[in-house]
Amino acid sequence: MVEKRPRTMLSTAKLVRNEDSPELLRSEKRKFKRYGVFFSTNKVLLFCLAFRFANALLLQTYFNPDEHWQALEVAHDITFGYGHLTWEWKRGIRSYLHPLLFACLYKLLALLGIDTPLLMIKAPRLLQSIFSAVGDFYLYRLSGALFGDYVAKWALFSQLTNWFMFFCFNRTLSNSLETVLTLASLYYWPCISVAPTRISKVSRKLALFMAALSCAIRPTSAITWLYVGLLELFSAHDQLRFIFLEAAPIGSLVLGITFLLDRVMYGSWTLVPLNFLRFNVFSSGGDFYGTHKWHWYFTQGFSAMLFSFIPFSISGIITSRKWKLSGLIVWVLGIHSLLGHKEFRFVLPILPIALMFSGYSLAALRYQTSSNGKRAKSRDLHTKRPMKMNLAIIFLLTTNIPMGLYMSLVHQRGTEDVMNHLAREAVTGKVKRILFLMPCHSTPYYSTLHQNLPMQFLDCTPSVEKGSPVESERFLTNPLDFSIEFAKNWTVPSHIVLFDSEERLLMDFLISHSFKEDKRFFHAHFKVDRDLQSSVVLYVLTV
C-alpha cells in the first residue's frame, strides 16, 4: 500500500515547478544536481564508515556487561580455547550466531600474529563500526524512499549526532546488530518503504530473511516483525504466497541453520529461541536483574535515549503522518513495557526510526513563515538556512555532542582501564592470578586480558531458590565478613581489583594479607544503580 506524501515533503523540483518562475526552476535544478553528486549514496556510505570508525576509536567506557560477556568472551573461548561462559550458555538461552562473527575476527588476528592487547581491545568495536555504518546507510535510504533525499540528509544528521547512538551503536551488543538488521529489513518491506522502482517480491524475500536473522540473534526482535508482518499481510494482494511460499520457508531456513549451528557448538540439540522465551518471558527470569515501573520506557528510558530530539521527533511524527512507522515505535515500547526487566538497549532498534522523524521535522524548517501567516519556501535551500533551522541545529549539537563524548570517554571508564592495564602487565609476566572483589561482570574478562591466567569473580548465577542471595549480593551486603570467610579457602591472588566504595571497608583486610595499592583508575562522577563507585583500585601482593 502506497501512502500519500504530505505536500510539505514533496520533491523540491515539484515544489519549484508549481510555485516559482522558470528561471528559478533552472537555478534550483542546478543546485540540486550539484547536491546530489556531492551527497551520492556511495559517498554517504563512505562518510558513515569513516564516522563510525572514529566513533569506535573514541569509545573508552563500560556500558553493559553483555558487550563483553555475551559476545567477546564467548568468541574468545571459541577461538583460543579459554574464556568464561556465563550461566546463560549452560542453560542454552543464547545462540552462538552473534559471537561467531567476532570469533572469525579473533581467528584472523591470531593467524596474522597480531592478536596484541591493543588490537584485541580495539578490533571488535572496529568490526562493529562497519555494521553500524551499514545501519546508518540504510536509515538514509529508508528516509529517502519515504520522504526524499533532503529529509534523508537530516535523518542521517539526527542519527549521527544523537548521543545514545554515538555511545551505544558501536558496542558489540547483539542489540546493535539487531538494529542494523532492522533498518535494512524495513527498507525492503513493501508495506513500509514506498520506492516505486523496486521489485516488491524480491525485496520482500530479502526483508524476511533479515527479519528472521535478527530474530535468530535476538528472539525478542519478533516483537517488531510481528507488527510489520501483520501490516504486510493485510496490505498484500498475494497473502497466501506471502505466508506459505515466503515467510514460512525463509523463517524455517534461518531457524534450521541456527539450530544446526547451535547443535554443533553446544554439542546437543538446543532450541535457543524457546529456552530464551521460557526464561525471560514465561518465567520472568530477567526480573532477577531488576525491574522498573511499566511506564519506564516512556518517562525515562526511551526519553533519555532521544534526549533533546524529543520535540523534533514528536513534531515529525505528527506532520509526516506515517502512522505505520510511528505505530511501530508505540507497539515496541508498549510490549516491552509489559515485561518487568527493562534496559535501554532493548529498544535500541526503534531509536533510529524516531530519529528519522526528527530529520523530517528538521527538514521542514527550511520553510519560513511570511508576514501573512503562510509558509514561504527559502529560495536557496542548501546554502542559506532559515534562522530557526540554524538555532535547532545549534541546540541539538550543543546538547548531544558533550553528552555523547562524556559518556563515551569519561563515565564508567575505570573498569575498562584496569583490564587494559592488566592485559599489558600480563604480557610481561607480572600478573599471576586476579581476584575481582566487586559486583559480578563489572569488567571485561579474558577477551581483554588475552592470557590464560587464573581469574575469579563473584558469582551471580540466578538462584534456584527465590530470595536466596547470590555470592555477589552477599559481598555487597557485608564486604568485610564475606572477604574474611572467602580468604579461608582461597588461592592467594597476585592482584585484587575492587571499587573504592568497598576498598574503604576492606583496607585493614588487604593490608593484613600483604596487599598494597598499585594503581587507581577514575571510574565515575556520579552513581548509576548503586552507591557511587568513583574509582577502581588495583591492589598487588607484596610477598
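Rounded to a whole number of µm²/s, how large is the Stokes-Einstein D of the stretch 226-368 at 20 °C and 1.002 mPa s, given Rh as the Kirkwood radius over C-alpha pairs? Reported coefficient: 118 µm²/s. Counting only DSSP beta bridges with both residues in the chain, the antiparallel share comes to about 70 percent. The peptide list 471-481, 277-287, 443-453, put in order of mean Cβ contacts within 10 Å with the highest first, becomes 443-453, 471-481, 277-287. Local charge for residue 92 was computed over the other residues whose Cβ lies under 11 Å away, with Lys and Arg +1 and Asp and Glu -1, and equals +3. Over the chain, dividing the summed -39,500 (n - 2.57) contributions of all DSSP H runs of at least 4 residues by the number of residues returns a 222 nm mean residue ellipticity of -18000 deg cm²/dmol.
Backbone phi angles across the stretch 249-263, fed through the Karplus curve with coefficients 6.51, -1.76 and 1.60 (θ = phi - 60°), yield HN-Hα couplings of x, 5, x, 5, 4, 5, 4, x, 4, 5, 5, 5, 4, 5, 4 Hz in residue order; Gly and Pro are listed as x. For the stretch 413-541, the antiparallel share of DSSP beta bridges with both residues in that region comes to about 65%.
A convex hull fitted around the alpha carbon atoms of the chain yields 166 Å³ per residue.
The count of lysine pairs in the stretch 413-541 whose Cα atoms are under 30 Å apart, excluding pairs fewer than 8 places apart on the same chain, comes to 12.
Here the accessible area of the stretch 106-246 is 72 percent carbon and sulfur, with a 1.4 angstrom probe and all protein chains present. In the full protein context, the chain carries 45 Å² of accessible surface per residue, based on a 1.4 Å probe and ignoring ligands, DNA and RNA. Note that the stretch 413-541 shows a convex hull volume over its alpha carbon atoms of 115 Å³ per residue. Summarising the amide proton neighbourhood of residue 62: residues at separation of 5 or more, or on other chains, whose placed amide H is nearer than 5 Å comprise 413, 416. Positive contributions from Lys and Arg (+1) and negative ones from Asp and Glu (-1), summed over other residues with Cβ under 12 Å from the Cβ of residue 154, come out at +2. Around the amide H of residue 535, modelled in the peptide plane, lie the amide H atoms of 500, 501, 523, 524, all under 5 Å away and 5 or more residues distant in sequence or on another chain. Put simply, when 295-308, 64-77, 522-535 are sorted by average Cβ atoms within 10 angstrom per residue, most first, you get 64-77, 295-308, 522-535. For a 4.7 Å threshold on C-beta separation, the list of partnerless cysteines in the chain reads 48, 104, 168, 191, 215. Rounded to the nearest whole Hz, the Karplus-based 3J(HN,Hα) values (6.51 cos²θ - 1.76 cosθ + 1.60, θ = phi - 60°) of the stretch 422-430 follow the sequence 5, 5, 5, 5, 5, 4, 8, x, 7, with x at glycine and proline. Here the accessible area is traced with a 1.4 Å probe on the protein chains. For the stretch 413-541, carbon and sulfur cover 48 percent of it.
For the residue pairs 205/293; 43/324; 107/153; 90/205; 90/122, alpha carbon separations beyond 32 Å are given by 205/293; 107/153; 90/205. What the phi angles of the stretch 307-315 give under the Karplus curve with 6.51, -1.76 and 1.60, with θ = phi - 60°, is a coupling list of 6, 6, 7, 3, x, 6, 5, 4, 4 Hz, glycine and proline written as x.
The values are calculated or read from the model by the stated rules, or taken from the named source; none is laboratory data. Keep in mind that what you see is a predicted model, and the values were worked out from it rather than measured. Please note: Cβ atoms are built from the backbone with ideal geometry, for glycine as well, and neighbour counts cover all protein chains shown. Only protein heavy atoms, including side chains, enter the accessible area calculation; ligands, DNA and RNA are left aside. Shrake-Rupley method; radii C 1.70, N 1.55, O 1.52, S 1.80 Å.
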